[in-house]
Amino acid sequence: MQDSEKSLQDRLIEFGKKNFLILGLFSVGLILIGIGLIQIFGSRETQIKFEKGEDVAGVESSKIKVDVEGEVIKPGVYELSGDARVQDALIAAGGLTSDANRKSINLAAKIADGQKIYVPAVGEVISASNSNTNQGTTLNLGSVSINSATEAQLDTLPGIGPVTAGKIINGRPYGQVEELLERKIVGKATFEKISDLITL
């Protein structure tokens, strides 16, 4: 019995010696795989945090300055967000005076850095002569002359884009504003929107 037991023990020892190297290599492999996974997930988390911080910084740095003049409570230069509209500029300037031509204002019009926004009084007519200044383009919110306004001025009218503005310019001169509709330069719906905002 003792000889057979010793023989079994010898066999187990011999089996362990033969497989020790394999078992050792397998254990080392598992450790290396674990370390690799930790590094991969750790680097991904760091990258996500960096991207979020970069996006926030980009939004905060997007600012523009505009000069608001005319019939507003507090005329002056104001700093606004990069995607600001006319409404935002007028709010910053304290709102409109009682003499402001409210019907002529397109509150949704986009504004750009360095732009001057001019709010006219009721009955005031805007000509093309003051459409540009040394500081940048003037966005006039009053009646727009279809015979002399620039493409940029016409583009501020509701329903009028660069293509239609070009058609209006090419169709000059006009004897009456109704010719825009009669000559099919604009549709009926668009004409109804701009009829109170345009002049000869």
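Worth a mention:
- The conditions of being surrounded by fewer than 21 Cβ atoms within 10 Å (Cβ to Cβ), of a type outside the set (Asp, Glu) and modelled with pLDDT under 75 are not met by residue 114.
- Tally, over the stretch 161-197, of residues that are touching a strand residue (DSSP E or B) at 6+ places or on another chain (Cβ under 9 Å) and in a loop (DSSP other than H, G, I, E, B): 3
- Listed conditions (1) of a type in the set (S, T, N, Q); (2) modelled with pLDDT of 85 or more; (3) in a strand (DSSP E or B) are all met by residue 137, apart from (2).
- Criterion applied to 164, 156 was being among the polar types (S, T, N, Q), within 15 Å of residue 191 (Cα to Cα), buried (at least 17 other Cβ atoms within 10 Å of the Cβ) and modelled with pLDDT of 85 or more, and the one residue passing it is 164.
- Sub-7 Å Cβ pairs linking a first residue in the stretch 91-106 that is assigned to a loop (DSSP other than H, G, I, E, B) to a second residue that is of a type in the set (Ser, Thr, Tyr) and surrounded by 14 or more Cβ atoms within 10 Å (Cβ to Cβ), at least 6 apart or interchain, are 93/78; 106/156, ordered by first then second residue.
- Residue 96, sole failed condition from (1) of a type in the set (A, V, I, L, M, F, W, C); (2) in the same structural domain as residue 122 (by TED's automatic domain parsing); (3) at pLDDT below 85: (3)
The values are calculated or read from the model by the stated rules, or taken from the named source; none is laboratory data. For clarity, every value in this text was computed on a predicted model and none was experimentally measured. Every residue, glycine as well, gets a Cβ built from its backbone with ideal geometry; the counts of neighbours run over all protein chains shown.
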